[in-house]
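The values are calculated or read from the model by the stated rules, or taken from the named source; none is laboratory data. Predicted model, so just to flag it, every value in this text is computed and none were measured. All Cβ positions, glycine included, derive from the backbone under ideal geometry; neighbour counts span all protein chains shown.
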Amino acid sequence: MKTFEEIFEELARHNDRSIIWNNWLDYAIDVNLLTLTQNKPPKHDYHNNEKAYWEMIVAWINELTVKLEKYPYYDLLGQFYEELVQSRSKASNLGQFYTPTTVTELMSSLSIDDKPDTELNNRVANDPTCGSARMLMSAHVHSKGKLFLYGQELDETSAKMATLNFWSHGCRGSILHMDTLEGTIYKGWRVNRYLHHGVPVPHIELINSEAEALDFIELNRLDDDKEPLTVNDDTVNEVSLEYKPRGTGQTTLM
């Protein structure tokens, strides 16, 4: 089986690397969208690369699975982007340098490890410049999944990677592509809202406002006297559990 890097390099032979990378991020998000009645998936032009993009998803998950046997979380996307896609000029112009894992681990251990589980229930971990969400993934691990995770990021590419990192690590929360200082929101994604309430696979929802990003904190409080969040036909119109990428001739269970 070809590796994630091999498939990407084949696609990048005749295309700009950053364009291929962003197209693949769009594709990986789109095929995992939970289609809500009020929020239909976007239509992107993948230039007939769907089969290769699907193979990249499979290779990414396979390689990430191997890493997660050794590490509690792993930012494979951010590392790949830094090493093979992002130019140094872009990093310098944006001031975009991802936080090393050793630093995220130190900050999470200082902030979370001494707190009992009951103090973490219903709390929000917020990173206003989240990058590919390394800090938030670390918080997720140290809190044993009890924190709601909320990240904002000015760079759209990084926001997409953060969304997919949430999806692949079972994190529950929201990522907004926005200018945190100005308060301008461009788009966002809510991740794994129903993961423990009727949708047994990781999933993503498109959102358009900060209110949508935060509204399921109260709907899914962990207090015993709260009604549990439920999934029904009035809320969810279609869950894409099966996806058949064009040209593969096979159906794959997500």
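Odds and ends about this structure:
- Considering the range 89-100, and only residues there that are within 20 Å of the chain's Cα centre (by Cα) and more than 19 Å from Leu176 (Cβ to Cβ), the residue that is modelled with the lowest pLDDT turns out to be Phe97.
- The range 174-215, subset part of a helix (DSSP H, G or I) and either of a type in the set (Gly, Ala, Ser) or touching a helix residue (DSSP H, G or I) at 6+ places or on another chain (Cβ under 6 Å) (or both), residue modelled with the highest pLDDT: Ala211
- All conditions but one from (1) part of a helix (DSSP H, G or I); (2) surrounded by 17 or more Cβ atoms within 10 Å (Cβ to Cβ); (3) at pLDDT below 80 apply to Glu218; the one that does not is (2).
- Scanning the range 101-146 for residues that are at pLDDT 80 or above, outside any helix (DSSP H, G or I), surrounded by fewer than 24 Cβ atoms within 10 Å (Cβ to Cβ) and not small (Gly, Ala, Ser) gives Asn126, Asp127, Pro128, Thr129, Lys144, Lys146.
- Checked against the criterion of being closer than 16 Å to Tyr73 by Cα, surrounded by 24 or more Cβ atoms within 10 Å (Cβ to Cβ), in contact with a Leu (Cβ under 8 Å, 6 or more places away or on another chain) and at pLDDT 95 or above, the range 152-163 has at least one qualifying residue.
- Residues being under 16 Å from Ala213 (Cα atoms) and without any contact (Cβ under 8 Å) to a residue 40 or more places away in the chain are entirely absent from the range 106-117.
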